[in-house]
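The values are calculated or read from the model by the stated rules, or taken from the named source; none is laboratory data. This structure is a prediction, so every number in the text was calculated from the model and none was measured. Note: ideal-geometry Cβ built from the backbone for every residue, glycine included; neighbour counts use all protein chains shown. SASA here: full protein model, heavy atoms, side chains in, ligands and nucleic acids out. Shrake-Rupley method; radii C 1.70, N 1.55, O 1.52, S 1.80 Å.
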Amino acid sequence: MDLQQKLKLYYQMLLIRDFEETAEELYMAGKVWGTFHLYVGEEAVAVGACAALQPEDYITSTHRGHGHCIAKGADVKKMMAELMGKKTGYCLGLGGSMHIADLEKGNLGATGIVGSAIPIAVGAALGCKLQKNGRVVLCFFGDGAANTGAFHEAVNMAAIFKLPVVFMCENNMYAMSFSVKKAFAIADIAERAQGYGIPGVVANGNDVLEVYEITKEAVERARKGEGPTLIEAKTYRFKGHSKSDKNVYRSKEEIKEWMRRDPILLFEKHLLEEEKVDPQKLQEIKQKAEKEIEEAVAFAEASEELSIEEARRLVYAE
Amino acid sequence: MPNRIITYAEALREAMREEMRNDASVFLIGEDIGIYGGAFGVTQGLIEEFGPERVIDTPISEVAIVGAAVGASLIGMRPVAEIMFFDFMTICSDQLVNQAAKIRFMFGGKARVPIVVRSPAGSGTGAAGHHSGSLESWFAHVPGLKVVAPATPYDAKGLLKSSIRDDNPVVFVEHKLLYRTKGPVPEEEYLVPIGKAEIKREGKDVSLIAYSIMTMRSLEAAEILAKEGIEAEVVDIRSLRPLDEETILQSVKKTNRAVVIYEPPRFGGFGAEVVSLITEKAFDYLDAPVERLGGEEMPPPYNPHLERELVPQVEDIVETVKRMLE
């Protein structure tokens, strides 16, 4: 990967971090409501994985989906508007944080039902195979989803049909409060792949370049018609499960320990030490991301809301 | 001694605590119900008293949660399963609808499935399409299931205790917006029977027939109407199935007018069942067509203003009654 591309990944990671931190502030200020699930700490997974895709490839996302959305090229203005429930949002303010889709960019949507997008990703991959379009589907899901029935049925089906799908399990160590140590009787979720006869690979989910390399290989395999791969990206969510989480199930020490492995700091270190990038250059990229988020907030705040009459017309296709 | 005032969530917790103390076969199973205390804090503190063997935290596996409850109940246990959001009931519907509800009948009445499946329902928290569902009409349609939906802390506690002691599968509907509401709950033991409606407010001009949060909105509407000289009677259905036909019919025969108020989409919903009951058995008493106030026929929208318009509000009830009485 050349430096230009690396700097783009760095920018995307910052954009996600800024988006999330700003969304949290807006929530505190009462401008974003409901609940949402912050991706802070997991940026390397979405950014590294999506970098291995072509623009026309597809992704499916989760309830913690802002990062996937941004990494697949979404417009943060429309995302912020969605979080504020505005008509200019990706889903006209009807979906909110948990249900953002960006079909033009190949993001087939986020879901609030854990595990439910895995069969949908498999269906999209089946469609790609039938359409012979050469596209690949990258399916994001969490460690919690790996224990749903939907996971088992869908992964098996993708394996037997050799579908062009990459299963990206973001193991952030907790399904809400339930630790992966208690949720699995195996060491690595990637081991599950054996049971379906597909490759299973563990990635350091806080290392954007490692996620990129491993995903790239899986995407190439899928594109060649060799079938799915299960990747387990080990990472950590710095924040609680959602806005109502008091974090009683994990220690401050554990959170601090993982914050030392902040994927953005790790990547910065790589850029400064290995690539000898001028610190001033990184500063400029940071400012650019901040500015883009500021503009997104201004855009969202200035936007209108949908009327109930307009909403009614959207229940059925005409 | 005056009654204590506690929240709906505390009342539910007390019901589970008392039944677990009284009966070793009662246990809890669900996602994040242990140290986290449940997504809405209902099971807080129970793991400390009863330990992880009786307050069982599970992976995200709704089919297995309800299936495990069914299996355990077949060999004499009384599980209380928590499904984190009512929308997630669709995932475990096979175990609930095809297994729990049918087992007793299909096995010639020889098996019992004494499970309770508790779940937070309803809109109003901005959680959008996947976390705001009101699917109670669906489950009321299934022979073999009982469906209850209490409105007050008193009923929540009494009905949950009755549900745990019941030998049938019970779907226990808890509205999210009710968890923090408060009301009197006696210290001493009591039960609220399943299958009994209650007149929550006496009146003579119109019957407002509702359950869960719509009972509370109907009571508010009745207060407003009273200031204008209209006396509304509020009938709290409490149990959708079995349904207390008698209390509903007696109220309508007294007031001669009825509005049925419920949160799920109006079309094909539970309200139609109540309207049908009234027209079949109290038609001659009616001075006006029975009105139905149900939810909009759309998935719950995220935008707060649209979400509010989704379901009947106090002002909708007031307007409907005034129009009927014009």
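Numbers below:
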{"quantity": "Per-peptide average of other Cβ atoms within 10 Å, ordering B:205-218, A:276-289 highest first", "calculated": "B:205-218, A:276-289"}
{"quantity": "Spin-label pair A:LEU314/A:MET28, simplified geometry with 7 Å Cα→Cβ offset, distance in nm", "calculated": "3.0 nm"}
{"quantity": "Neighbouring partner chain Cβ atoms per residue of A:170-181, average, 10 Å criterion", "calculated": "3"}
{"quantity": "Size descriptor, Kirkwood hydrodynamic radius, that averages inverse alpha-carbon separations across the protein assembly as shown, Å", "calculated": "26.3 Å"}
{"quantity": "Order by protection proxy (mean Cβ within 10 Å, highest first), peptides A:37-43, B:183-189", "calculated": "A:37-43, B:183-189"}
{"quantity": "Calculated FRET value between A:ALA185 and A:GLN280, using beta carbons and R₀ = 45 Å, to 0.05", "calculated": "0.35"}
{"quantity": "Additional length obtainable on full extension of the chain from A:LYS224 to A:SER307, 0.36 nm per residue less Cα span", "calculated": "25.2 nm"}
{"quantity": "Long-range amide H partners of A:VAL166 with built H, under 5 Å", "calculated": "A:VAL137, A:LEU138, A:CYS139"}
{"quantity": "Region A:3-315: C-alpha gyration tensor shape, a/c 1.5 cut-off, then a/b vs b/c", "calculated": "rounded"}
{"quantity": "Computed FRET value (nearest 0.05) for B:GLU319 with A:SER244, which takes r as the C-beta separation and R₀ as 51 Å", "calculated": "0.90"}
{"quantity": "List B:TRP138, A:TRP33, ordered by accessible area with a 1.4 Å probe, largest first", "calculated": "B:TRP138, A:TRP33"}
{"quantity": "Peptide A:142-148 - average C-beta neighbours from other chains (10 Å radius)", "calculated": "3"}
{"quantity": "Accessible area buried between chains B and A, both sides summed, probe 1.4 Å, in Å² to nearest 100", "calculated": "2900 Å²"}
{"quantity": "For residues of B:295-302, the mean tally of beta carbons on other chains within 10 Å", "calculated": "6"}
{"quantity": "Region A:36-75 versus region A:100-146: alpha-carbon centroid distance in Å", "calculated": "12 Å"}
{"quantity": "Chain A, relative contact order in percent, only Cα pairs under 8 angstrom and at least six apart counted", "calculated": "23 percent"}
{"quantity": "Fraction of accessible area attributable to carbon and sulfur, the protein assembly as shown (%, probe 1.4 Å)", "calculated": "53 percent"}
{"quantity": "When each of A:LYS78/A:LYS224; A:LYS78/A:LYS286; A:LYS243/B:LYS322; B:LYS161/B:LYS227; A:LYS224/A:LYS276; A:LYS162/A:LYS246 is checked by Cα-Cα distance, pairs over 31 Å", "calculated": "A:LYS78/A:LYS224; A:LYS243/B:LYS322; B:LYS161/B:LYS227; A:LYS224/A:LYS276; A:LYS162/A:LYS246"}
{"quantity": "Positions from region A:71-96 whose accessible area shrinks by 50 Å² or more when the full protein complex is built, not the chain alone, probe 1.4 Å", "calculated": "A:LEU94"}
{"quantity": "List of region B:22-46 residues, accessible area with partners at least 30 Å² below that of the chain alone (1.4 Å probe)", "calculated": "B:ASP32, B:ILE35, B:TYR36"}
{"quantity": "Surface accessible to a 1.4 Å probe, per residue, for the residues of region B:198-325, Å²", "calculated": "41 Å²"}
{"quantity": "Region A:121-275 - Rg (one decimal) and Dmax (whole number), Cα, Å", "calculated": "16.8, 50"}
{"quantity": "Region B:198-325 - percent relative contact order, Cα under 8 Å, separation 6 or more", "calculated": "27 percent"}
{"quantity": "For peptides A:221-229, B:173-181, A:178-186, sequence by mean Cβ density within 10 Å, most packed first", "calculated": "B:173-181, A:221-229, A:178-186"}
{"quantity": "Segment B:ALA226-B:GLN250, extension gain: residue separation times 0.36 nm, minus the distance between their alpha carbons", "calculated": "6.5 nm"}
